[in-house]
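J.: What follows is a single structure, and I will ask about it in a moment.
The values are calculated or read from the model by the stated rules, or taken from the named source; none is laboratory data. As the structure is a computational prediction, the values presented were derived from the model and not from experiment. Positions of Cβ are backbone-derived with ideal geometry, glycine not excepted, and every protein chain shown enters the neighbour counts.
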Amino acid sequence: MTEATLFDDGRVFTGLRYADSFVVEDGRVVAVGTAEEARRATPAGADRRPLHGRLVLPGLIDAHVHLPDLTEAREGLDLGRVASLPDLVDALRAWARDHPDGPLVGRGWDPERSSDRRWPSRHDLDGVVADRPLIVLQASGHAGIGNSAALDGAGVVRGTADPAGGRFGRESDGTPDGRAFERALATLVEPLDALTSVDPRALARTLRACAALGLTTLGAMCVRPDEAAAYREMDRGPALPVRVRAYLHYRFWREGYRPPADPTSGTGRFAIVGVKAFTDGALGPRTAWLSAPYSDDPGNSGMAVASAGELAEVAASVSADGLNPAFHAIGDRAVATALEALDRPRRELPTPPRIEHASLTPPEVWPALERVRPVLVVQPGFVWSDHWLASRLGADRARWAYAFRTLGGRGLVLAGSSDAPYDPVDPWRGIRAAVHRVDLARRSANPSPNEALSYERAVQLYTANGGVAVGVPGLGTLEVGAPGDVLVTAATSIEEAVESGAATVRETWVAGRPVASGADGQTV
Ligand SMILES: [Zn+2]
């Protein structure tokens, strides 16, 4: 007994082209074309879903999210709205009062949004809580500040040297002042990981919220072993509403963790498919690795977290086990280094390796990009969020930041993502930023109209190209053979859907079955 649905009489963007109707049978698209063609291919007894001219898209793919961090940002201490240092201290105090036990971690704090742009010191945080660790993460997640208990718990004292690929802020006598960048931040945060575990029920709430936005596949980055176990367990029950394609944090690979022999599970909606390692930091805290110094910090060219040789070894070792390397690289020097690493011998896999972010890609890196041809997993929302970029890089350099049309025009595959919680998880915001480049306040990291994408191209970043990025053939399209992941909108055109944003989501289907529905995107 097959289960089939005819989506009839609509306007279907397959991710590659337009059609009128399509049929999903046993979880896969079996026909797409005119209404007549689809009707002829429809098995007897199929359900009919009349679309009345409405637009249907493939389910959206966010190729790069951090799901436990997003869950923490949704349900934990979110500092994204604090506007000054006194505000920050008040928010921390209120949270500490309501959460009297265990370590405290606040996320999303952005000094660029703060009136005084001041970073708190260890002493400011000691004034909030002194008897347990407190860490405030800067919005990028690549820098943060710990109180004295956090430093003590990590064994960081006056004589502690900076780790390779990291740096502690210091007081004038060399005592760590609480600030920590890149690998130094990992030194503070990793002892807390051992004290906290992933909550599968909270993760499931996050996944359902993603489905309600029209997302049907998530590229889960920096995955921990207990997190992978949680997805696998969820996929044995009804709780995994969307596909999760996991990229392990390299740290766990280095420590000897290996995925189970069968890395998929249950319905096959979950799989471990890659390992993510870091080349550099981020533009916000000026740790992205540049080929020339920051325009607003002339002694600083950012931070190398790994060399090309180290990354080449990572690529060789993970690909030997059938997993895909995914290298974080934001600055132009980091992108060149990641490309150099991927240009060395390793086992070729069915899907191309990934570079995460690839934020700054001046003409000098194009030849290596065109030779290696990685999938570039970009964050169009950063075009709006990093509106201060020209002050960091100068306008001439910023011209080659988030240069989506240039890169696509050179035949490279760009996949869209949010990097949530470091930018909002809403895929519609990213699609609009890729189309418009400037936000409602006319701000942009790189306003060049030459980099603006059409509505269809922008949606492709989050559909067909996302499928390539997470390594599932046909995923992100509604072509024959593709998984039946479907987004029914309330709109009659792609322009109307994108401009309406999440409000346009009527129904989200995964593998031929609805997982979220209704004007308010309630999960079913
Ligand atoms: Zn990320």
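J.: Inside region 352-378, can you point out the residues that are at positive phi and within 16 Å of the ligand (Cβ to nearest atom)?
T.: Correct list: HIS357, ALA358.
J.: Out of the residues in region 1-36 that are charged (D, E, K, R) and in a loop (DSSP other than H, G, I, E, B), which is farthest from GLU479 (Cα to Cα)?
T.: Checked region 1-36; the qualifying residue farthest from GLU479 (Cα to Cα) is GLU3.
J.: Does PRO285 meet the test of being out of contact with any Leu (no Cβ under 8 Å at 6 or more places or on another chain) and more than 22 Å from ALA315 (Cα to Cα)?
T.: The answer is yes for PRO285.
J.: As an exercise: evaluate ALA44 against (1) under 25 Å from GLU499 (Cβ atoms); (2) among the small types (Gly, Ala, Ser); (3) at pLDDT below 95 and give the number of the one condition it does not meet.
T.: ALA44 satisfies all of (1) under 25 Å from GLU499 (Cβ atoms); (2) among the small types (Gly, Ala, Ser); (3) at pLDDT below 95 except (1).
J.: Touching a residue at least 12 places away in the same chain (Cβ under 8 Å) and surrounded by fewer than 22 Cβ atoms within 10 Å (Cβ to Cβ): does that describe ALA44?
T.: no
J.: Select from region 108-132 the residues that are on the phi > 0 side of the Ramachandran plot and of a type in the set (Gly, Ala, Ser) and list them in ascending order.
T.: Listed by number, the list holds a single entry, GLY108.
J.: Any idea which residue in region 216-230 is nearest to the chain's Cα centre (by Cα), counting only those that are of a type outside the set (Gly, Ala, Ser) and farther than 18 Å from GLU75 by Cβ?
T.: Filtering first and then ranking leaves MET221.
J.: Considering only region 414-466, state which residues are at positive phi and touching a Pro at 6+ places or on another chain (Cβ under 7 Å).
T.: ARG437
J.: Give me the pairs, please: first residue somewhere in region 483-496 and farther than 15 Å from ALA19 by Cα, second residue anywhere and aromatic (Phe, Trp, Tyr), beta-carbon distance under 8 Å, and either six or more positions apart or on two chains.
T.: GLY484/TRP509; ASP485/TRP509; GLU495/TYR455
J.: Any residue in region 195-214 that is within 17 Å of ARG74 (Cα to Cα), assigned to a helix (DSSP H, G or I) and within 16 Å of the ligand (Cβ to nearest atom)?
T.: The answer is yes; a qualifying residue exists.
J.: Here's a follow-up. I'm trying to understand the selection: among the residues of region 325-344, which are more than 16 Å from the ligand (Cβ to nearest atom) and either hydroxyl-bearing (Ser, Thr, Tyr) or touching a Lys or Arg at 6+ places or on another chain (Cβ under 7 Å) (or both)?
T.: Scanning region 325-344 gives THR337, ASP343.
J.: Right, another one. Pick out the one residue from TRP388, TRP400, TRP366 that is more than 30 Å from GLN138 (Cα to Cα) and of a type in the set (Phe, Trp, Tyr).
T.: Going through TRP388, TRP400, TRP366 in turn, just one is more than 30 Å from GLN138 (Cα to Cα) and of a type in the set (Phe, Trp, Tyr): TRP366.
J.: Do the conditions hold for LEU475, that is, is it modelled with pLDDT of 95 or more, crowded, with 24+ Cβ neighbours inside 10 Å and in contact with a Ser or Thr (Cβ under 7 Å, 6 or more places away or on another chain)?
T.: Criteria met by LEU475.
J.: Please work out if ALA434 is buried (at least 21 other Cβ atoms within 10 Å of the Cβ), under 20 Å from the mean Cα position of the chain (by Cα) and away from the ligand (no atom under 16 Å from the Cβ).
T.: yes
J.: Still on this structure: Are any residues in region 307-352 within 15 Å of SER291 (Cα to Cα) and in contact (Cβ under 8 Å) with a residue 60 or more places away in the chain, and if so, which ones?
T.: Within region 307-352, ASP332 is the sole residue that qualifies.
J.: Now for a different question. Based on what the data block shows, is GLY76 buried (at least 23 other Cβ atoms within 10 Å of the Cβ) and without any contact (Cβ under 8 Å) to a residue 40 or more places away in the chain?
T.: Spelling it out, it is not the case that GLY76 is buried (at least 23 other Cβ atoms within 10 Å of the Cβ) and without any contact (Cβ under 8 Å) to a residue 40 or more places away in the chain.
J.: Are any residues in region 498-517 under 30 Å from THR2 (Cβ atoms) and in contact with a helix residue (DSSP H, G or I) (Cβ under 8 Å, 6 or more places away or on another chain), and if so, which ones?
T.: Scanning region 498-517 gives VAL505, THR508, VAL510, VAL515, ALA516.
J.: Tell me, which residue of region 115-173 that is polar (S, T, N, Q) and free of Cβ contacts under 8 Å to residues at least 60 places away in the same chain is surrounded by the most Cβ atoms within 10 Å (Cβ to Cβ)?
T.: Among those residues, the one meeting the criterion is ASN147.
J.: Restricting the search to region 388-434, which residues are over 15 Å from LEU461 (Cβ atoms) and free of Cβ contacts under 8 Å to residues at least 24 places away in the same chain?
T.: Selection gives ALA395, ASP396.
J.: Sticking with this one: Could you please tell me which pairs satisfy a Cβ distance under 6 Å, a separation of 6+ or placement on different chains, a first residue in region 217-244 that is assigned to a helix (DSSP H, G or I), and a second residue that is polar (S, T, N, Q)?
T.: Partner pairs satisfying both residue conditions: ASP226/SER197; ARG232/SER265.
J.: Are there strands (runs of 3 or more DSSP E) fully within region 37-89 with at least 2 residues that are of a type outside the set (A, V, I, L, M, F, W, C) and within 16 Å of the ligand (Cβ to nearest atom)? List them.
T.: 60-65
J.: Please enumerate the residues belonging to region 285-331 that are surrounded by fewer than 20 Cβ atoms within 10 Å (Cβ to Cβ) and charged (D, E, K, R).
T.: Selection gives ASP296, ASP297, GLU310, GLU313, ASP321.
J.: Would you point out which residue out of ARG132, ARG107 is within 16 Å of the ligand (Cβ to nearest atom), farther than 30 Å from VAL12 by Cβ and among the charged types (D, E, K, R)?
T.: Answer to the selection: ARG107.
J.: Could you figure out which of (1) in contact (Cβ under 8 Å) with a residue 24 or more places away in the chain; (2) out of contact with any Leu (no Cβ under 7 Å at 6 or more places or on another chain) isn't true of PRO103?
T.: Among (1) in contact (Cβ under 8 Å) with a residue 24 or more places away in the chain; (2) out of contact with any Leu (no Cβ under 7 Å at 6 or more places or on another chain), the lone unmet condition for PRO103 is (2).
J.: Touching a residue at least 24 places away in the same chain (Cβ under 8 Å), at negative phi and away from the ligand (no atom under 16 Å from the Cβ): is that true of TYR250 in this structure?
T.: No; evaluated as a whole, the condition is false for this residue.
J.: I would also like to ask the following. Sort through GLY381, GLY394 and tell me the only one that's within 16 Å of the ligand (Cβ to nearest atom) and either farther than 18 Å from LEU283 by Cβ or of a type outside the set (Asp, Glu) (or both).
T.: GLY381
J.: Search region 435-459 for residues that are within 14 Å of LEU407 (Cα to Cα) and pair each with any residue that is aromatic (Phe, Trp, Tyr) and at pLDDT 95 or above when their beta-carbon atoms are under 6 Å apart and the residues are at least 6 apart or on different chains.
T.: GLU451/PHE404; LEU453/PHE404
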